[in-house]
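The values are calculated or read from the model by the stated rules, or taken from the named source; none is laboratory data. As the structure is a computational prediction, the values presented were derived from the model and not from experiment. Every residue, glycine among them, receives a Cβ derived from its backbone with ideal geometry; neighbour counts consider all protein chains shown. Surface accessibility is based on the protein's heavy atoms, side chains included, excluding ligands, DNA and RNA. Shrake-Rupley method; radii C 1.70, N 1.55, O 1.52, S 1.80 Å.
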2 protein chains.
Amino acid sequence: MAQTRILKPADNAYQYPLLIKRLLMSGPRYNPDQEIVYANRSKYTYKDLVDRIHRLANALTDAGVKPGDTVAVMDWDTPRYLECFFAIPMIGAILHTVNVRLSPEQIVYTMNHAEDDVVLVHDDFMPIIESVKDEIKTVKTWIQVTDEASAKATSIDTLGEYEELLAKADNQFDFPDFDENSVATTFYTTGTTGNPKGVYFSHRQLVLHTLAMTGSISAYDEMPLLRSSSVYMPVTPMFHVHAWGVPYAATMLGVKQVYPGRYEPELLVDLIKTHRVSMSHCVPTVMQMMMATESIKTADLSNWHVLIGGSALTKGLCDAAARLGIHMYTGYGMSETCPLLSTTHLKPEDLDLPLEQQTAIRVKTGIAVPMVELEIVDPDGNPVPHDGEAKGEVVTRAPWLTQSYFKEPEKGEDLWQGGWLHTGDVASMEPDNTLTIKDRIKDVIKTGGEWLSSLDLENLISQHPAVAGAAVVGVPDEKWGERPYALVTLKPGENIGLEDIQKHLQQFVDSGDINKWAIPGQIDFVEDIPKTSVGKINKKLIRDQLTD
Amino acid sequence: MAQTRILKPADNAYQYPLLIKRLLMSGPRYNPDQEIVYANRSKYTYKDLVDRIHRLANALTDAGVKPGDTVAVMDWDTPRYLECFFAIPMIGAILHTVNVRLSPEQIVYTMNHAEDDVVLVHDDFMPIIESVKDEIKTVKTWIQVTDEASAKATSIDTLGEYEELLAKADNQFDFPDFDENSVATTFYTTGTTGNPKGVYFSHRQLVLHTLAMTGSISAYDEMPLLRSSSVYMPVTPMFHVHAWGVPYAATMLGVKQVYPGRYEPELLVDLIKTHRVSMSHCVPTVMQMMMATESIKTADLSNWHVLIGGSALTKGLCDAAARLGIHMYTGYGMSETCPLLSTTHLKPEDLDLPLEQQTAIRVKTGIAVPMVELEIVDPDGNPVPHDGEAKGEVVTRAPWLTQSYFKEPEKGEDLWQGGWLHTGDVASMEPDNTLTIKDRIKDVIKTGGEWLSSLDLENLISQHPAVAGAAVVGVPDEKWGERPYALVTLKPGENIGLEDIQKHLQQFVDSGDINKWAIPGQIDFVEDIPKTSVGKINKKLIRDQLTD
């Protein structure tokens, strides 16, 4: 191919690297007095945010942090964490957002693997660090974080407490320019097998993710999630894919932000009421916990828009939320994809549909957002038809996909194939480009010569009025190959049995939605369904327990 | 400085170049049946747009166009032009948007300078080409464009007519990946002295400009210019800084687009009414022509949002439009800046203000949009205070600024200084970061030891109820250095004189807004104020005529 005419590097500023510091310009410029709230504890303005980010950069630099170093954070969802989202990458260091729900052993593993140099630790997590201190190999400096007047006593030798260090630090830092492909963040994704794997994202990737996010969740009238007048509160943790990257977009636009700290359902609902929160993102489990609170029943939630991800939004949950006036949408992505790939896409006329028909659209995985390519492919990598029926693995291309797994490229060999990132999700695609995830490839139940989606079955079971939640896995079966096995939790006061569920499912057999071998022969009614640290159903554990 | 950790190039798709073809993915995906309208002539869907872009790419390639070649367009504002916005850069060629308002000699100059290989010419401009054919040096292929059943006869040896070529071409083109820094577009900016200068933008720059545009004119509730439900109609020509880049953003979002063809005021108003156009961008001159039509008085324009640029939005024009229910905003940028730098920024409470107070905000140059840095500096390049009073030259950094002038880097030496692009505009900045352009550096009137903004004075004169428009330049004066001289046009049926204007201006002297030497001693009442090809007041011509 002949050459395009390529801009030559010049020593002028047309080369303007895409750095996270650029995302911090417009919000404070538009709205210097806009509020950033920390639960029912404190609040400050965007002007203060900028001041504190400069102080944090000086405090970290004074503590010896250099570009290329890794600074880890173990904190609740707080404005402090937002400060770290900016200050740490902005000095050229790498922000490691530690998953505080991992076991102490896994936390040690991720810290050693990421080669953390400095760690900020909240009081509440200090006991974990105290218990594993001797196993942590690379950390040179500990910084304590507290919500109290003074930090709790600890056997760890810390540099000091966060607020004290900020108070002492200068509030002017000259953030340098550097290569936009510099790594900005890293965190660990917990597979169902083996050790956590480190994904990482560059400044360029995070800036592009932020900009394209406003081209989807800001520009669509039927999904007005993030607008200048929004009030944003994350309800997926900041250690989990940068709270889906929304704090960067919210800060760029200068919107009011509310950080809840701990995820206590009553507190979350109270904050939504107090601050008229208009936008959150959430996994179904936490949403269900919030829906189960007393106080939600008296709240006006008609202005609350919730992007659900992590696991599929079930019809039951979507309907229940809609009856409270909540606007629910599905977002799709994963740790490896920064995460945003697609969202629900409603058309103007869809908003006039009855609730149940709207729900049928809202629970779909949606349409790829701007700058993202999504395709479904067979095991040979060939596209399968977009007919709403044929299933294939979801593959993607986008400007913000992780390059590999940190220091373990061999684990990423399955991730990148033929120039596409392979998600491990199985989906169908409709002629109008709407994707519907059916299952994880490894969770598909191969029964009676067909692929049965365990998610579909969970969804159908959860539509029984007595059912609170359901988990389905395949168990080996001589005749059928595999047969579905279900764990079910019931709503308070309900008492039903295997036959009730089977009878409930028979209607979907009758209507042709599922085959008769999709009806589980075995159902265990349990108190709790095992979940992973990020709230997903832990199917590996369920399978392991069955094998035991 | 120590090194950041930089992502290594790998042969996987994490390297996802920012190419214009990516902007074409989401619109047709969201809204395949959305309409793209050509005036009162024809319309087609986004699905058709994609089909036609593929055909155009094949037609051009069949005609010998290779990556790196330059393809020029001389057409009205049409869906064809939109097809060229995509297809030409998408094959790796460079789109030269010819300013059809230039003189034939200047058109020849720009074609030769840009080294055009192929030119698409509308019937209406063919006589120009016929008249200068022998002076055009590099063009190998001419393609004719017509709005009639068949193209007009011409002495130019053309390859054929656009629609015929598209009909013959295959509708599948495999658009390649290439370096995102490849030049995508070029066009010529007409200075007041010397030959036009070529600016040029890369794929990366146009993609980033598009994405950041949605982060401003889509996300701001007080300025809902471009949303998924918008109906967009450009009213600044597509040859003029890609119609400010809005066609790219509108296509990315999948919004309805209306291309007006020629700028006939009655036609424009008719299209706004027929299609419920909700968003346009416009220069004041054309806006004034539309305001002067009979039909606008009976139109419901309460949903029409207009971004005014090119020249300052005057209070008079803004008030008059507001009285018709039109939502007016200022946008700021220039050919060299792709163009978007800043827009009006209204706060929620501003919308409750009386019209005149809103106007005072809407006519300001506004606040820099996301990813843009704006500063005002003195002649030594040092920032001047942001106190709303001190004046300095506007300088900028952003990811989408032209690198230089094509083949004439020496002409760009003043453009880039100290890592900032120098706009040649003089402005003040308020403590809240709101910029107000006062004048072009060369149009400031140095009188009585102070800098008097010719724009300020034009604005004050235009507030006289009998005045339709005003142009002010400085003329040499022995006593004062310079004194203002004004050209004034009156509204139909009005008849006032020098003293009326002087009396009108005296009130602003009394209130301290201007000094007494700002009152012109000389005013010529004229039929028309000389304008440049892009509708700006041609002050060079006015000065030249005065000297003559």
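If you plug the beta carbon distance of A:Asp170 and B:Asp414 into 1/(1 + (r/R0)^6) with R0 = 30 Å, you get a FRET efficiency near 0.25.
Here, the protein assembly as shown yields an orientationally averaged convex hull projection of 46.4 nm² when only Cα atoms define the hull. Counting 0.36 nm for each residue step from A:Asp510 to A:Lys133 and taking away their Cα separation leaves a gain of 129.8 nm. Separation of the stretch A:464-541 and the stretch B:414-456, taken as the distance between their Cα centroids, equals 70 angstrom. Going from the chain on its own to the full set of protein chains, the stretch A:401-415 has these residues losing 30 Å² or more of accessible surface (heavy atoms, 1.4 Å probe, no ligands, DNA or RNA): A:Gln403, A:Phe406. Each part reduced to its alpha carbon centroid, the stretch B:117-159 and the stretch A:81-143 end up 67 Å apart. Accessible surface for A:Met289 stands near 90 Å², nearest 10, in the context of the full protein assembly shown (1.4 Å probe). Please name whichever of A:Gln257, A:Ala398, A:Val98 sits farthest to the positive end of the charge dipole of chain A, dipole taken about the Cα centre and charges placed at Cβ: Lys and Arg +1, Asp and Glu -1. Ranked along the dipole, the leading option is A:Gln257.
Magnitude of the charge dipole for the stretch B:290-437, about its Cα centre and with charges confined to Cβ atoms of Lys, Arg (+1) and Asp, Glu (-1), is about 540 debye.
Given a Förster distance of 30 Å, report the FRET efficiency between B:Thr547 and B:Thr293 from their Cβ-Cβ distance, rounded to the nearest 0.05. According to the calculation, E is roughly 0.25. Ranking B:Gln545, B:Ala486, B:Phe525 by how far each Cα lies toward the positive end of the dipole of the stretch B:445-547 (charges on Cβ) leaves B:Gln545 at the top. Distance between the modelled labels on B:Glu478 and A:Glu264, one decimal in nanometres: 8.6 nm (7 Å Cα→Cβ projection). Distances between copies of A:Ala322, taken at a point 7 Å out from Cα along the Cα→Cβ vector and listed shortest first: 4.2 nm.
For the stretch A:445-547, the number of Lys pairs separated by eight or more positions or lying on different chains, with C-alpha atoms closer than 20 Å, is 11. With a simple spin-label model that places each label point 7 Å from the Cα along the Cα-to-Cβ direction, the separation between B:Asn303 and A:Ile156 comes to 5.7 nm. First check a/c for the stretch B:368-494, with a ≥ b ≥ c the square roots of the eigenvalues of its C-alpha gyration tensor; if it is under 1.5, answer rounded, and if not, answer prolate when a/b is larger than b/c or oblate otherwise. Judged from the Cα gyration tensor, the stretch B:368-494 comes out prolate (a/c at least 1.5, a/b above b/c). Accessible area per residue for chain B is 37 Å², calculated with a 1.4 Å probe on protein heavy atoms, without ligands, DNA or RNA. Can you list the lysines whose alpha carbon sits under 26 Å from that of A:Lys43, skipping same-chain ones fewer than 8 residues off? Once the sequence-local lysines are set aside, what remains near A:Lys43 is A:Lys21, A:Lys152, A:Lys168, A:Lys256, A:Lys273, B:Lys347.
Taking the centroid of alpha carbons for each part, the stretch A:309-337 and the stretch B:227-248 are 35 Å apart. Among chain A residues, the one whose Cβ is nearest the axis of the rotation from A to B, given with its distance rounded to whole Å, is A:Leu211, 2.
Computed with a 1.4 Å probe over protein heavy atoms only, the accessible area of B:Val526 comes to about 50 Å². Report summary: the helix-based calculation at 222 nm, which adds -39500 (n - 2.57) for every DSSP H run with n ≥ 4 and divides by the residues of chain A, gives -8000 deg cm²/dmol. Rounded to the nearest 20 debye, the dipole size of chain A about its Cα centre is 840 debye, using +1 on the Cβ of Lys and Arg and -1 on the Cβ of Asp and Glu. Not counting ligands, DNA or RNA, and with a 1.4 Å probe, what is A:Ile367's accessible surface area in Å² rounded to the nearest 10? Probe radius 1.4 Å; accessible area of A:Ile367 about 0 Å². Equivalent-ellipsoid semi-axes for the stretch B:445-547 (Cα gyration tensor, √(5λ), whole Å, largest first): 20, 18, 11. Positive end of the dipole of the protein assembly as shown (Cβ unit charges, origin at the Cα centre): among B:Thr185, A:Gln506, A:His122, the Cα lying farthest that way belongs to A:Gln506. For the pair B:Asp33 and B:Arg276, a Förster radius of 22 Å applied to the C-beta separation gives a FRET efficiency near 0.80, rounded to the nearest 0.05. Taken across both chains, chains A and B shield about 6700 Å² of accessible surface from a 1.4 Å probe. Extending 7 Å from the Cα toward the beta-carbon at both A:Asp380 and B:Asn112 defines two label points whose distance is 5.8 nm. Here is how far apart the A:Asp432 label points are across copies: 4.2 nm, shortest first, using a point 7 Å from Cα toward Cβ. Taking the 1.4 Å solvent-accessible surface of chain A as the whole, the part contributed by carbon and sulfur is 48%. Sites listed here are trypsin sites (Lys or Arg not before Pro) in the stretch B:350-416 whose DSSP assignment is loop and whose Cβ has at most 13 other Cβ atoms within 10 Å: B:Lys407.
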